[in-house]
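Take a look at the structure set out below.
The values are calculated or read from the model by the stated rules, or taken from the named source; none is laboratory data. Model, not experiment: these values are computed from the prediction. Don't worry about glycine lacking a Cβ; one is built from the backbone with ideal geometry, like all the others, and counts go over all protein chains shown. Ligands, DNA and RNA are stripped out before the accessible areas are found, and what is left, the full protein with its side chains, is counted by its heavy atoms. Shrake-Rupley method; radii C 1.70, N 1.55, O 1.52, S 1.80 Å.
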Amino acid sequence: MKQWQGQALAPGIAAGEVFFYRRPDRTGLPTAQEPGEEWARFERAAATVREQRLALAQKAREEADPAAAEIFEIHAMLVEDEDFQEQVHEAVLAGAGAAEAAARAGKEFSEQFAAMDDEYFRQRAVDFADIADALCAVLNHEEDRLAALDRPVILAAEELTPSETIRVPRRFILGFITQLGSQNSHTAILARTLGVPALSGVPVEPGWNGRPGMLDAGTGAFCLEPDEAQLERARQFAEQAKREQCELERLKDRETRTGDGRKIQIFANAASLEDVCNAAESGAEGIGLFRTEFLYLAGGAAPTEEEQFLVYKSAVQAMGGRPVVLRTLDIGADKQVDYLDLPREENPAMGLRAIRLCFARPGLFLDQLRAMLRAGAFGPVRIMFPMIASEQELDRALELLEQAKEQLRSAGTAFGLDQVGIMVETPAAAVMSDVLAKKVDFFSIGTNDLTQYTLAADRQNPAVTAGMDPHDPAVLRLIRRTVENAHNSGIWAGICGELGADTALLPLFLEMGVDELSVTVPRVLPLRKAVLEM
Ligand code: PEP
Ligand code: MG
């Protein structure tokens, strides 16, 4: 038995046959006979790869993975990229074979893009490597070892590209071990989506292929030829996890009702499209909070209306008719971006944050509102404003929303809106909730900020939050008041802060008549189970 230490990317324990995967080695490819013929072969291969990528995009959409679908659509475009094809053509004219020319161009483009400042372009480096690889596979008539997998294995690889992750037959994967890869690598994301363990930082070797292995994300260890005691541990873990998951899975399509008939909806919080896709599969009844900031924090510039529209539309489509609450930009405080050039503030948590920033930059706000409204033409979109502290602020936000609608109308662009609501996360909003309730369709209580502002305790500062009662009565009173005022005006009220997942408070929330709890995806089914058992 030999053991290596890695880094856990996804939790769990798995044991089974190791399947070592390496992208085919393309050095020493045969040179061409005749440039005209090699170029024709390349063109045919490019058309095949384009078709393959479009088929993968279609498959990804069917599996409710719009983020992956978009990547494959980009691949279908890149394989026809003029500059890329020009480079291949030049190499072919200079005497290279089609596959060699494609491999070289892929490598050069990949290196050029990897060196770029812009995050979006840097990400294209792996895409060029990926399509060059696919071109070579087609040109060399290589068998797709990944897609041909037909038994459960631990997949060992240096790292997997996006198209490799989608070709992996998901039902046969027990776990992943990779040499490279970080928390956000494609392999890590796939592992979390599949609910299988993953380790990175393990120096994988071809000699492991076909041999028994075991990976334990709890200890971060991978061992080859594990002994009986280790295998027993893996078996016990698997049985326990299976029992728990099976029990939870049965609740996926159940309505969330207590034994005596009280109804509460369980929605999921999401901070990326990935989360939305997981939520769609988890049995969540909707997305209760889509934190759209990730779109603004990722790049060196604000996302365009079009870029946002594609993301929101994908989210709505992934949820297949279930409501999606899109929260407008909540940036500022601890979430800063350089390109907005915001002034330094003494108290950023009480500064130009969220809706206040949107009022200061109406162009930025209107771009986002139009993108959200346009996504609303594809399913039930609910728009939610964060950090509202007064009736005037709500009026201003609603005015700008009307302006965005008017802009779309005059451009003849289709849009839709199911509901509009606010986060109740300032004490002022909770106190004034009777007034605010008359102007919106719902309240979603943000207990993270509501607690911070009610108790005057910075949520980022452990020195002031450590000894605090997470169930502080002042906060609970504000929640009760907000729910009561919502109901008096005939609108619904939910909780999307972390307190919503606290099962100790569940009886109280039910007694208050809270209509919805929006929690992280892995908490959806355990929370539903808790409700059903009440
Ligand atoms: C909250 O404040 O409770 C909330 C859900 O929003 P965020 O954590 O994104 O500030
Ligand atoms: Mg908040």
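Can you give me the orientation-averaged projected area of the convex hull built on the Cα atoms of the chain, in nm²?
Seen from a random direction, the Cα hull of the chain projects 27.8 nm² on average.
Taking Rh as the Kirkwood radius computed over C-alpha pairs, what is the Stokes-Einstein D of the range 1-152 at 4 °C in a medium of viscosity 1.567 mPa s, expressed in µm² per second?
Values: Rh = 17.3 Å.
The diffusion coefficient I find is 75 µm²/s.
Averaging 1/r across all pairs of distinct Cα atoms in the range 99-139 and inverting the result yields a Kirkwood radius of 9.9 Å. Legend: P(r) of the range 360-513 from all alpha carbon pair distances, 5 Å bins from 0, whole percents, reading 2, 9, 17, 18, 17, 14, 11, 7, 3, 1, 0, 0.
Rg/Rh for the range 430-472 stands at 1.10; both radii use Cα atoms, and Rh follows the Kirkwood definition. The calculated FRET efficiency for the pair residue 468 and residue 336, based on their C-beta separation and a Förster distance of 25 Å, comes to about 0.45. From the largest down, the range 260-370 spans 52, 34, 20 angstrom on the principal axes of its Cα atoms. Distance between the C-alpha centres of the range 46-124 and the range 295-354: 29 Å, rounded to the whole angstrom. For residue 492, nonlocal amide neighbours, meaning residues 5 or more places apart or on other chains whose placed amide H falls under 5 Å from its own, are 443.
Across the range 266-301, no residue has a backbone nitrogen under 11 Å from the label position 7 Å along the beta-carbon direction of residue 489. Only Cα sites of the range 207-329 enter the Debye sum here, all with the same form factor; the resulting log10 I(q)/I(0) across q = 0.16, 0.17, 0.21 1/Å is -0.88, -0.91, -1.08, listed in q order.
Give me the percent of accessible area attributable to carbon and sulfur for the chain, probe 1.4 angstrom.
Values: 12010 of 23690 Å².
Solvent-exposed carbon and sulfur of the chain make up 51 percent of the total.
Accessible area per residue for the chain in Å², computed with a 1.4 Å probe and the full protein assembly in place, what is it?
On the way: 23690 Å² over 534 residues.
Counting only protein heavy atoms, the per-residue value for the chain is 44 Å².
Only helices enter this figure: runs of n ≥ 4 DSSP H residues, each worth -39500 (n - 2.57), summed and divided by the residues of the chain, yield -14500 deg cm²/dmol at 222 nm to the nearest 500.
Close Lys pairs in the chain (alpha-carbon distance under 22 Å; sequence gap of 8 or more, or different chains): 9. Compute the whole-percent fraction of alpha carbon pairs in the range 308-448 spaced more than 22 Å apart. The share of Cα pairs beyond 22 Å in the range 308-448 comes to 40 percent. Under the simplified labelling scheme, the residue 141-residue 262 pair shows an inter-label distance of 6.9 nm, with each label point 7 Å from Cα along Cα→Cβ.
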